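Contents: one structure, followed by commentary.
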């Protein structure tokens, strides 16, 4: 077989040039490692979408027209909010916020104006002219606030919380860390006894980067430490411990080094790369060393070269198949709609390729040069592990029918939970409920009806009554159909209020006037009575506007509900007036809705593609349709069971957990490949079926078992993450890999024992 000749050639290369191989690997590691520390982190959701996506283009247009779409919200809670001392203090805070260069405008009750009817039509008056010193003045101020419509926008309905909303100017680059530092230094200088809550996407991004760096510092040492423990338990030799770890370490350095040389940034999910490689990349080395030690134990007189030749001949092909299937599963992420996920698939595939090459080249080169561990010469070494594995084989083949029946019933029940599975890509849910950011967002959401915003960009003549009415119709439809929409703000609201004020404040006249000239007059009167900067967020130009925005505030919920709003709004626009009045959906809510759909589609497509390709690959390698089915079935069942379990437990699918499929498919099939390939080899050697099962468990079972445990322990490092989805991802991977391991060591022996498929005798 060609593959066997290739494995023989590789061994000859390793045996003749070990020092050259080792020196070359070290040199490449140094060269690539020079770029590891220049990697920059980019946690932004927008950057994870294709540059030509409509939502990206729309948000970039909003940035240009309205100086950015990011805002800063600072909420202040106090039992004596309207006392002279508190209002005077917060007025100074307003001045301090306005002095921050990055904030182009700060809105609050201290600078907001109200439309007041008078004999000439209406007048624009400040809400707050002087800070009241007594209860009478405080009552008058509350009345003006109620009449202004600011309740629920800039001040809570219980008058205990007010907020400052600053527009972050994105027309120039800025340091998000410095911005966060400046904001919190200012807040800390004013807080006490008042409680301050801060929410802003730039601050969230800076915090995510901090947490990403923290996770990177924690993940790798923890994962490596756990692997050292497991490898020492398995091999009881420093050779068996450090050779797989060297492969892992070099793979991580090479992967990040390539990213650095290509000037790539590290996304949020990129923090998982080291853990993935620690958990997966040492698998090939474990199998090589496991067989090398086992053959050394059985034949103490054989030379290191002879033992290595036998090891490579026996495990070379299954390792190649395992590496290929794992790479294929991650490469299938290239079909994903999200560029960051595609990038993740390519990078992990590269890391796995490096680990595979180093395992079959570097590890044999080192083993050729170093003496065999002395404990291998002792009789009955680690016999307890051997007896345990052989006992497992006998147990699962003896009770094959009950095992298969139990797996089938449990599998069907768990799979039914998929119908309850939902998607959530809200960045707020990255953090635990006890985090400062999460507490602030929750407080702001409760007091002001949500902190998530959906924008609708409208291109048209806002002096046209029909345009204003269309804006009103759309806004009313959204608010009527979706209860989580709590507030709205548009130029139509302003014009209606002007018209009511011009007619003596008559509530029945709070409508869009029919005369375009009258609308022109209203806007002119407003512009000469005010500086007009109140319209910075909803008009691109107060005198000759071309674009306007509808701002909708949403209650904090999962992105599944947000997706429903986005989809419904888009359909309503297309069905009613899109051709005559171009509209584009933008804002954070729309972005999350788009990502939500892309996660679902990408997850489905990558799963189907990876399973189909691996099934075909296994069918070709085993030269049997049944062989392909046997190799992929335990893995496929494990994937479905895990998704069903997520549905039952209410665990949402997100960008992080969507990576679970490729790990399960790629790693899970490795165990079945090794089991079936070595079972077939033992049958070819003349063993009876029962003896072949026993020898497979004794020789290959150790590698399969410790491989699975290595993956589980490697991913257990994710439990130390700050991010909620990452910890959840770790738990899911540990559980699902356990499913796959059980499928290979329990379900597969029972199934092959029951059916005696012909392909394993070929």
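Throughout, read-outs are computed from the coordinates displayed, never taken from laboratory work. Fair warning: this is a prediction, and the values are worked out from it, not measured in the lab. Every residue, glycine among them, receives a Cβ derived from its backbone with ideal geometry; neighbour counts consider all protein chains shown.
The order of 594, 485, 31, going from fewest to most other C-beta atoms within 10 Å of their C-beta, is 31, 485, 594. If R0 equals 51 Å, the separation of the Cβ atoms of residue 370 and residue 626 corresponds to a calculated FRET efficiency of about 0.75. Estimated at 0.36 nm per residue, the fully extended path between residue 213 and residue 755 surpasses their Cα-Cα distance by 190.0 nm.
Taking packing as the residue-averaged number of other Cβ atoms within 10 angstrom, the listed peptides 403-410, 155-162 run from highest to lowest as 155-162, 403-410. The share of Cα pairs per 20 Å bin across the chain, counted from zero up to the longest distance, runs 15, 40, 25, 15, 4, 0 percent. Averaging the Cα positions of each part gives two centres, and for region 479-532 and region 415-448 these lie 35 Å apart. Per-residue extension of 0.36 nm, minus the Cα-Cα distance of residue 20 and residue 541, leaves a gain of 180.7 nm for this segment. Annotation: the residues 211, 292, sorted from fewest to most other C-beta atoms within 10 Å of their own C-beta, follow the order 211, 292.
As an equivalent ellipsoid, region 438-593 spans semi-axes of 28, 18, 14 angstrom, where each value is the square root of five times an eigenvalue of the C-alpha gyration tensor, largest first. Note on residue 436/residue 301: beta-carbon distance plugged into 1/(1 + (r/R0)^6) with R0 of 60 Å gives a FRET efficiency of 0.35. Suppose a student asked you for the relative contact order of region 438-593, using Cα pairs under 8 Å spaced at least 6 residues apart; what percent would you report? Value for region 438-593: 40 percent. For the chain, relative contact order (Cα pairs under 8 Å, six or more residues apart, normalised by length) works out to 20 percent.
Annotation: average projected area of region 207-349 is 9.9 square nanometres, based on the convex hull of Cα atoms across all directions. Centroid-to-centroid, using Cα positions, region 588-625 and region 66-118 are 49 Å apart. Please list, in order, the residues from region 231-275 whose amide nitrogen is less than 12 Å from a point placed 7 Å along the Cα→Cβ vector of residue 40. Those under the cut-off are 263-266. Full extension of the segment from residue 521 to residue 508, taken as 0.36 nm per residue of separation minus the current Cα-Cα distance, would add 2.6 nm. Per-residue Cβ neighbour counts within 10 Å put 472, 564 in the sequence 564, 472, beginning with the fewest. Once the Cβ-Cβ distance of residue 136 and residue 160 is raised to the sixth power relative to R0 = 22 Å, the FRET efficiency obtained is 0.60. Each label point was placed 7 Å from the Cα along the Cα-to-Cβ direction; for residue 101 and residue 83 their separation is 3.8 nm. Mean separation of Cα pairs under 8 Å and 6 or more residues apart, divided by the residue count, gives region 225-321 a relative contact order of 27 percent.
Peptides 496-502, 278-284 ranked from most to least packed give 278-284, 496-502, packing being the mean of other C-beta atoms within 10 angstrom over each peptide's residues. Its residues counted as N, region 70-205 yields a C-alpha radius of gyration over 2.2 N^0.38 Å of 1.11.
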